[in-house]
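Asker: Structure below; questions to follow.
Derivation of every value follows stated rules applied to the coordinates shown; laboratory data play no part. As the structure is a computational prediction, the values presented were derived from the model and not from experiment. Cβ atoms come from the backbone with ideal geometry, glycine included; neighbour counts cover every protein chain shown.
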Amino acid sequence: MTAGARIERLVTSGQFSLDGGTWEVENNVWIVGDDHEAVVIDAAHDAAAIAEAVGDRRLTAIVCTHAHNDHVGAAPALADLTGATIWLHPDDLPLWKLTHPDRDPDAHLVDGQVIEAAGVDLTVLHTPGHAPGAVCLHAPDLGALFSGDTLFAGGPGATGRSYSHFPTIVDSIRDRLLTLPGDTVVHTGHGAATTIAAERPHLQEWIDRGF
């Protein structure tokens, strides 16, 4: 690892709501940093718990992998507590506005952009499908990918609700993620981690079906 940077996982609980339905969910909140500064990936549900996990480190950025409410619900409150900048891809602004109609993100993510976290580069990969502005963050120095809800252990993220499209998510995973080194650890938005190598056969099944 570079500059003492490490990956920490916090699990928070709450609700995901879209298209008139509500479901109880547990989310992974990822903290990338060292003893002095950190970046939060997906401020889910509980700003106070996330702030406690960050501790007295300087929080430089809150990066949203997409704008479903269970991933961004605590972002404004966490930003107010810490002074961190909220980053979101602009294609997800319509989803963001469903949760935060009176507040905008502070900055827009761009494909290929690099966000620095304690000496580690997090490269933004635009991976639409689960949501129009969904992104993943690749940290080669940590051998890690933060996939949000684009890729899980077992295959692609869900695409059965508004703003999602299954063929698009398959294209995103095939073209942007499966080209990464096979031993890259995939830190997902929910549930257990996986690796790029482990997911290649699952995606091939969908490609063979014509997607």
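Asker: Where the second residue is in a strand (DSSP E or B) and of a type in the set (Asp, Glu) and the first is farther than 12 Å from Asp149 by Cβ and lies in segment 16-31, which pairs have Cβ atoms under 7 Å and are six or more apart or on separate chains?
Answerer: Ile31/Glu8
Asker: Count, please, the residues in segment 168-194 that happen to be of a type in the set (Val, Ile, Thr) and without any contact (Cβ under 8 Å) to a residue 24 or more places away in the chain. Talk me through it step by step, then tell me what you get.
Answerer: From segment 168-194, those of a type in the set (Val, Ile, Thr) are 168-170, 173, 179, 184-186, 188, 194; that's our starting set.
Subset that is without any contact (Cβ under 8 Å) to a residue 24 or more places away in the chain: 179.
Qualifying residue count, segment 168-194: 1.
Asker: Further, regarding this structure: What number of residues within segment 26-78 are acidic (Asp, Glu), out of contact with any His (no Cβ under 6 Å at 6 or more places or on another chain) and within 20 Å of His89 (Cα to Cα)?
Answerer: First, pick out the residues of segment 26-78 that are acidic (Asp, Glu): 26, 34-35, 37, 42, 46, 52, 56, 70.
This time we only want the ones that are out of contact with any His (no Cβ under 6 Å at 6 or more places or on another chain), so: 26, 34-35, 37, 46, 52, 56, 70.
Right, trim to within 20 Å of His89 (Cα to Cα) and you get 70.
Going through segment 26-78 one residue at a time, the tally reaches 1.
Asker: Are there any pairs, at least 6 apart or on different chains, whose C-beta atoms fall under 8 Å, with the first in segment 56-67 and over 14 Å from Leu78 (Cα atoms) and the second among the charged types (D, E, K, R) and not in a loop (DSSP other than H, G, I, E, B), and if so, which?
Answerer: His66/Asp92; Ala67/Asp92
Asker: Looking only at residues in segment 46-67 that are of a type in the set (Asp, Glu) and not in a helix (DSSP H, G or I), which one is farthest from Ala134 (Cα to Cα)? Steps first, answer last, please.
Answerer: First pass over segment 46-67, keeping only residues of a type in the set (Asp, Glu): 46, 52, 56.
Checking the rest, the ones that are also not in a helix (DSSP H, G or I) come to 46, 56.
On the way: Asp46: 21, Asp56: 30 Å.
Per the stated criteria, the residue is Asp56.
Asker: Next question, about the same structure. What number of residues within segment 184-207 are under 19 Å from the mean Cα position of the chain (by Cα), in a helix (DSSP H, G or I) and not acidic (Asp, Glu)?
Answerer: From segment 184-207, those under 19 Å from the mean Cα position of the chain (by Cα) are 184-196, 199; that's our starting set.
Applying the additional criterion that residues be in a helix (DSSP H, G or I) yields 196, 199.
Applying the additional criterion that residues be not acidic (Asp, Glu) yields 196.
Final tally of qualifying residues: 1.
Asker: Could you grab me the full set of residues in segment 4-13 that are in a strand (DSSP E or B) and surrounded by fewer than 17 Cβ atoms within 10 Å (Cβ to Cβ)? Even if it seems obvious, please write down each step before you answer.
Answerer: Start the filter on segment 4-13 by keeping residues that are in a strand (DSSP E or B), which leaves 6-13.
Across segment 4-13, the qualifying residues are Arg6, Glu8, Arg9, Val11, Ser13.
Asker: Now for a different question. What strands (runs of 3 or more DSSP E), lying completely within segment 68-183, carry at least 3 residues that are over 16 Å from Glu199 (Cα atoms) and in contact with a strand residue (DSSP E or B) (Cβ under 8 Å, 6 or more places away or on another chain)? Quick ask: steps written out before the conclusion?
Answerer: Numbers: elements: 85-88, 114-117, 120-126, 135-139, 144-148.
The qualifying strands (runs of 3 or more DSSP E) are 85-88, 114-117, 120-126, 135-139.
Asker: In contact with a helix residue (DSSP H, G or I) (Cβ under 6 Å, 6 or more places away or on another chain) and part of a loop (DSSP other than H, G, I, E, B) - does that describe any residue in segment 19-35?
Answerer: No, segment 19-35 has no match at all.
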